[in-house]
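The block underneath contains the structure these notes are about, expressed in structure tokens.
The values are calculated or read from the model by the stated rules, or taken from the named source; none is laboratory data. Bear in mind that the values here come from a model prediction, so they are computed numbers and not experimental data. Glycine also receives a Cβ, built like all others from the backbone with ideal geometry; neighbour counts cover every protein chain displayed.
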Amino acid sequence: MFIIKTHYDTLYARVLAVRKISLQGLAREMGVSSQQVETWALQLQGQGIVEVVYPPVGAAYVQQVGAQGRPGRSMPKAVKLVLFAIASVLVVMGMIYVYAVRYT
């Protein structure tokens, strides 16, 4: 049995492994020009497989579809709510402490 692996497969596998990588980094790893990697990445983007991002500052990069900030590390809503409640209680306690020290 033979497995045929294309440059598209290599590019996609690498993006899955690291979630976000610069076009230059991919080109260096794959041994091709960054223009060629950009062409492949744009074709994969057209299929909805990856996203090519051109930030205002810095180098262009390829990321998983839907990845933002720290992809895959989103907290559940309940955990966020508990953390917000704890932070709110700490703020109120700090305000009470400041009031008690200042006016007693």
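Key figures
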quantity	calculated
Any strands (runs of 3 or more DSSP E) falling wholly within segment 7-68 and containing at least 1 residues that are surrounded by 13 or more Cβ atoms within 10 Å (Cβ to Cβ) and among the charged types (D, E, K, R)	20-22, 50-53
Tally of residues being in contact with a helix residue (DSSP H, G or I) (Cβ under 6 Å, 6 or more places away or on another chain) and over 10 Å from LEU11 (Cβ atoms) across segment 34-45	2
Residue match in segment 46-53 (condition: among the acidic types (Asp, Glu), out of contact with any helix residue (DSSP H, G or I) (no Cβ under 9 Å at 6 or more places or on another chain) and without any contact (Cβ under 8 Å) to a residue 40 or more places away in the chain)	no
Residue that is modelled with the lowest pLDDT [pool: residues in segment 69-85 that are of a type outside the set (Gly, Ala, Ser) and surrounded by fewer than 10 Cβ atoms within 10 Å (Cβ to Cβ)]	ARG70
